[in-house]
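Structure record follows, encoded as structure tokens.
The values are calculated or read from the model by the stated rules, or taken from the named source; none is laboratory data. The shown structure was predicted, so the numbers you read here are calculated from the model rather than taken from an experiment. Cβ placement follows ideal geometry from the backbone for every residue including glycine, while neighbour counts extend to all protein chains displayed. What goes into the accessible areas is simple: the full protein's heavy atoms, side chains included, and nothing from ligands, DNA or RNA. Shrake-Rupley method; radii C 1.70, N 1.55, O 1.52, S 1.80 Å.
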Amino acid sequence: MRSSTLLDLAIIGGGITGAAVAREAARRGLSVALVEKGDFASGTSSKSSKLIHGGQRYLESFHFGLVRESCRERAILSRLAPHLVRPLPFLFPVGESGAPSKAALALGLALYRLLAGSSSAGPTRFLGRGDPRLEGEAPGLAPEGWRGAFRYFDAQADDALLTLAYLRDAARRGAALRSYCAVERIDRGKGGAASGISARDLRTGETLAIRSRIVVAALGPWSNGIAGLVDEELPMFVRPSRGSHFFLPPGTLPVSAAVVMLDASARRCYAIPWRGGTLVGTTDADDPGAPDDIIPTLEDRAELLGAIRRSFPGARLDGEALGAGFAGVRPLAAPPPSRAGSPAGVSREERITEAIPRLLVSVGGKLTTARRTAERVLDRAERILSRDFGRTAEGKRPESPLADGVIPDPEAFRAAVRRQTFEKLDLSDAHADRIFEREGSGALEAVERMAREPELARPISAFLPYTVSDLVWGIESGLATTAEDLLSRRVRLRWESPAEAGKVAGLAEETLRRFRPKPLAPGAV
Ligand code: FAD
């Protein structure tokens, strides 16, 4: 297949960066296509800690600008996608060896709130050891030497669903999206400038050529391969750092606030509430391996298990309790390891470069700041359009909600979804919250449909709040095309409970045969 239309932008990579860039381009009225070699969000963007946060840790390395911007983005995203981004309390124990002193932490958290300004996510207070709220939110928390904990707020979102919300918004505004299509070459025109991409559909073998004025590479940890795509020597773009997580099923380590834990070298990691269970992570280690093949190592498992045991000495856990786990690769915007310093010390800021004329490469950044990164990429793209094609830059537009995010009073709406879910489907609040998270403003209609078609309301997990409707949503609206897309990224059973994922695989295949995607975009690539 060969597209004769000349587009403004061709984007390589369907993680959060590519997705946010596609949406911002479509919002600015540019013609745009995005090509992803796997499922959307199948790279780092489904393997993060799922925090929408200011990153108070970065204050210690004096990255004040990044913290201020991240806090601002946290507030903006909470407004644009209130169904996906929800506040999350944190507990930071004080007095433990290796932790900052109480005074240093008090100062840091005051600064954190100050930098957030009106974007602050919630109040900060110190809870002394023995305060019943500590035992209520983190039963068994008792690191040696602790005297209590600071309680403060950040936010949380399902990273894959957030990426899909950007993509679906982009598609509704005219962006063309294609998954399972690998870019094999960045085409070059006059003066060696990028002039489009050549790709291969990995399922049909069909080749695809897209002509574009600008190419944006949003390849995350795959960015060091860009030189191969342009057939020219380029500097390395990223320092890949592996981060692993493990999921503890409900009841194993019950927390309703995220707990800051310290590993053996006093590096921070977290026990984070996740769909009734607990997500434990992350590690941070240089890993030059192929990003496609990265999995948690035995060392990662031991490191996180040690951190849990130090913070929750009464927890009776062995390595098996940690389950399958998953690992992602941070595309840190720095040259690959000079081995000077640990990757944890590398800035999380993004870097946007015009690597060859009309090829913009965006690396680094965070889930939290992808919207802002996209604005910067588009500012650069518009300057190139003006420089090389005489186009007038229109600049950024007033913000607008992500797909399904127009919800004037999210808490009242969530309560209504819970009520209807219970009355009409006899399902729990956790199921209702899941429907709200997935459908946003369409949640009440989804509940109505589940009442009309009861097979959709059938739970598919013994202990996680998923129903058949999650699979149907994934196919109809969630851009999923394979059973693995459904099990790994529309629901998360693949790492939450591999045994349950195995049992649901046949149902996922059958659902794929029975349901069809609803049209999102006016056109396809
Ligand atoms: P990716 O999501 O990796 O996307 C790149 C895409 O390019 C991939 O989907 C890949 O398949 C595709 N691709 C590669 N080659 C080709 C090709 N030839 N053709 C077509 N497509 C191709 N940030 C936060 O804000 N909060 C957090 O809590 C947080 N926690 C994190 C925890 C861990 C362990 C890690 C690793 C990161 C975390 N981050 C967090 C950072 C955040 O997840 C990343 O910055 C972000 O997901 C990177 O997105 P991306 O789109 O740049 O890369």
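I need the semi-axes of the equivalent ellipsoid of the stretch 1-128: take the C-alpha gyration tensor, multiply each eigenvalue by 5, square-root it, list largest first in whole angstrom. Mind dumping the intermediate values first?
Numbers: eigenvalues 293, 49, 34 Å².
The answer is 38, 16, 13 Å, longest axis first.
Just add up the charged neighbours of R449: K/R +1, D/E -1, any other residue whose Cβ is under 12 Å from the Cβ of R449. All intermediate terms of the calculation are to be shown ahead of the outcome.
On the way: positive: K424, R452; negative: E439, E445, E448, E453, E455, E476.
Net charge in that neighbourhood comes out at -4.
Pairs of Cα atoms under 8 Å, at least six residues apart: use those to get the relative contact order of the chain, whole percent. All intermediate terms of the calculation are to be shown ahead of the outcome.
Numbers: 1131 pairs, mean separation 98.9, N = 525.
Computed over the chain, the figure is 19 percent.
If R₀ is 45 angstrom, what is the calculated FRET efficiency for the pair E233 and R79, using the beta carbon separation as r and rounding to 0.05?
On the way: r = 44 Å, r/R0 = 0.98.
Plugging the Cβ-Cβ distance into 1/(1 + (r/R0)^6) gives 0.55.
What nm value, rounded to one decimal, do you get for the distance between R516 and F389 when each label is placed 7 Å out toward the C-beta?
About 3.4 nm, to one decimal.
Accessible area of the stretch 410-514 with a 1.4 Å probe: how many percent of it is carbon plus sulfur?
Summing carbon and sulfur atoms, their accessible area is 53 percent of the total for the stretch 410-514.
Calculate the length of the line joining the C-alpha centroid of the stretch 247-272 to that of the stretch 413-438, in whole Å.
So the separation of the two Cα centres works out to 28 Å.
I'd like the distance separating the alpha-carbon centroids of the stretch 291-332 and the stretch 354-370, in whole Å.
Centre-to-centre distance over Cα atoms comes out at 30 Å.
Please list, short to long, the whole-number percent of alpha-carbon pairs of the stretch 138-185 in consecutive 10 angstrom bins beginning at zero.
16, 25, 20, 14, 16, 8
Apply the Karplus curve 6.51 cos²θ - 1.76 cosθ + 1.60, θ = phi - 60°, to the phi angles in the stretch 449-456 and return the couplings in whole Hz, x for Gly and Pro.
Rounded to whole hertz, the list is 5, 5, 6, 6, 10, x, 4, 5.
Amide H to amide H, which residues 5 or more places from L332 or on other chains are under 5 Å from it, using H placed in the peptide plane?
Residues meeting the amide H criterion: R239, S241.
Can you list residues whose amide H is under 5 Å from R147's amide H, if they're 5+ apart or on another chain and H is modeled 1.01 Å from N?
Hits under the 5 Å cutoff: V94, G95, E96.
Out of residues 5 or more away from D286 or on other chains, whose amide H comes under 5 Å of its own, with H placed 1.01 Å from N in the peptide plane?
When sequence neighbours closer than 5 places are left aside, the close amide H contacts are R242.
Nearest 5 percent is fine: what portion of the DSSP beta bridges confined to the chain is antiparallel?
Given both bridge residues lie in the chain, the antiparallel proportion sits at roughly 75 percent.
Just from its helices, what would the mean residue ellipticity at 222 nm be for the chain, if runs of 4 or more DSSP H residues each count -39500 (n - 2.57) and the sum is divided by every residue, rounded to the nearest 500 deg cm²/dmol? Provide the component values of the computation, followed by the final result.
On the way: 14 runs with 170 residues, N = 525.
Here the helix-only value at 222 nm equals -10000 deg cm²/dmol.
Hey, with R₀ at 35 Å, roughly what FRET efficiency would A266 and A290 work out to, going by the Cβ-Cβ distance, to 0.05?
Working: r = 31 Å, r/R0 = 0.89.
Approximately 0.70, to the nearest 0.05.
Per Stokes-Einstein, at 10 °C and 1.306 mPa s, what whole-number D in µm² s⁻¹ belongs to the chain, with the Kirkwood radius over Cα pairs as the hydrodynamic radius? Show your work: numbers first, answer last.
On the way: Rh = 23.7 Å.
Estimated diffusion coefficient is 67 µm²/s.
Kindly express, to the nearest 10 degrees and within the range 0 to 90, the angle between helix 102-116's C-alpha long axis and the longest C-alpha principal axis of the chain.
40
If each residue of separation counts as 0.36 nm, what is the full-extension length gain between F62 and E476 once their alpha-carbon separation is subtracted?
Numbers: separation 414, 0.36 × 414 = 149.04 nm, distance 4.52 nm.
Length gained, F62 through E476: 144.5 nm.
Would you kindly state the longest site-free stretch of the chain, with sites defined as trypsin sites (Lys or Arg not before Pro) in a DSSP loop (not H, G, I, E, B) surrounded by at most 13 other Cβ atoms within 10 Å? The partial results should precede the final answer.
On the way: sites that count: R147, R203, R316, R339.
In short, 340-525.
Given a Förster radius of 30 Å and the C-beta distance between A505 and E448 as r, what FRET efficiency does 1/(1 + (r/R0)^6) yield to the nearest 0.05? Don't skip to the end; give the middle numbers.
Working: r = 29 Å, r/R0 = 0.97.
Using R0 = 30 Å, I get an efficiency of 0.55.
Largest first and in whole Å, give the semi-axes of the stretch 199-294's equivalent ellipsoid, each being the square root of 5 times a Cα gyration tensor eigenvalue. Working shown, then result.
On the way: eigenvalues 289, 72, 27 Å².
In descending order, the three semi-axes are 38, 19, 12 Å.
Residue by residue through the stretch 291-297, which ³J(HN,Hα) values in whole Hz follow from phi under the Karplus form 6.51 cos²θ - 1.76 cosθ + 1.60 (θ = phi - 60°), with glycine and proline marked x?
x, 5, 9, 6, 9, x, 9
Multiply the residue separation of L202 and E423 by 0.36 nm, subtract the distance between their alpha-carbon atoms, and state the gained length in nm to one decimal. Show your work: numbers first, answer last.
Values: separation 221, 0.36 × 221 = 79.56 nm, distance 4.51 nm.
Gain on stretching L202 to E423: 75.0 nm.
Expressed in nm to one decimal, what extension gain is obtained for the pair A110 and L298 from 0.36 nm per residue of sequence separation less their Cα-Cα distance?
Numbers: separation 188, 0.36 × 188 = 67.68 nm, distance 3.78 nm.
Extra length from A110 to L298 when fully extended: 63.9 nm.
Run the numbers on the stretch 410-514 and let me know its relative contact order in percent, using alpha-carbon pairs under 8 Å that are six or more apart.
On the way: 108 pairs, mean separation 17.5, N = 105.
Value for the stretch 410-514: 17 percent.
What does the charge add up to near R213, with Lys and Arg as +1, Asp and Glu as -1, over the other residues with Cβ less than 14 Å from its Cβ? Working shown, then result.
On the way: positive: R28, R188, K190, R211, R358, R380, R383, R387, R391; negative: D8, D187, E354, E382, D388.
Surrounding charge for R213 is +4.
Quick one: pull the percentage of alpha-carbon pairs in the stretch 410-514 with a separation above 25 Å. Spell out each step's value before the answer.
On the way: 802 of 5460 pairs.
So the pairs more than 25 Å apart make up 15 percent of the total in the stretch 410-514.
Using the Karplus curve 6.51 cos²θ - 1.76 cosθ + 1.60 with θ = phi - 60°, what ³J(HN,Hα) values do you get for each residue of the stretch 489-499, in whole Hz, with x for Gly and Pro?
Result, ordered by residue: 10, 8, 10, 10, 4, 4, 10, 6, 7, x, 5 Hz.
Report the local net charge at I52: Lys and Arg +1, Asp and Glu -1, summed over other residues whose C-beta lies under 11 Å from its C-beta.
Net charge around I52: +1.
Got the relative contact order for the stretch 1-154 handy, in percent, Cα pairs under 8 Å and 6 or more residues apart?
Numbers: 194 pairs, mean separation 33.0, N = 154.
In percent, rounded to a whole number, it is 21.
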